[in-house]
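Every read-out reported here was derived from the displayed coordinates using simple, explicitly stated rules and does not represent laboratory data. The structure displayed is predicted, hence computed values, not measured ones. Here Cβ is always computed from backbone atoms with ideal geometry, including for glycine, and neighbour counts include all displayed protein chains.
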Amino acid sequence: MAVPKRKMSRSNTRHRRAQWKATAPQLTSCPCPRRELVVPHRACAHCGLYKGRQVADAP
Ligand SMILES: [Zn+2]
């Protein structure tokens, strides 16, 4: 198994960890009249539609 030859400096470790960035979720609009933004592959939290079909009770 490959083993690092030297201890990685605190500066290098922190620099690498600083490159991690969260990305905003991709949103699509629900086909319901309000056109709410919903996370893909999830039922709409506002009307309970999924792929144009009612799969959950509308709140
Ligand atoms: Zn909806």
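Table for the structure above
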{"read-out": "Subset of the range 26-40 [free of Cβ contacts under 8 Å to residues at least 12 places away in the same chain and more than 6 Å from the ligand (Cβ to nearest atom)]", "value": "SER29, PRO33, ARG35, LEU37, VAL38"}
{"read-out": "Check on ALA56, within 10 Å of the ligand (Cβ to nearest atom) and surrounded by 10 or more Cβ atoms within 10 Å (Cβ to Cβ)", "value": "no"}
{"read-out": "Of all residues in the range 34-49 being surrounded by 16 or more Cβ atoms within 10 Å (Cβ to Cβ) and out of contact with any Cys (no Cβ under 8 Å at 6 or more places or on another chain), the one that is farthest from ALA24 (Cα to Cα)", "value": "GLY48"}
{"read-out": "Residues within the range 9-33 that are surrounded by 10 or more Cβ atoms within 10 Å (Cβ to Cβ) and in a loop (DSSP other than H, G, I, E, B), tallied", "value": "4"}
{"read-out": "Subset tally (residues that are farther than 18 Å from ASP57 by Cα and of a type in the set (Val, Ile, Thr)) for the range 12-42", "value": "3"}
{"read-out": "Complete set of residues in the range 41-53 that are within 13 Å of the ligand (Cβ to nearest atom) and part of a loop (DSSP other than H, G, I, E, B)", "value": "ARG42, ALA43, CYS44, ALA45, HIS46, CYS47, GLY48, LYS51, GLY52"}
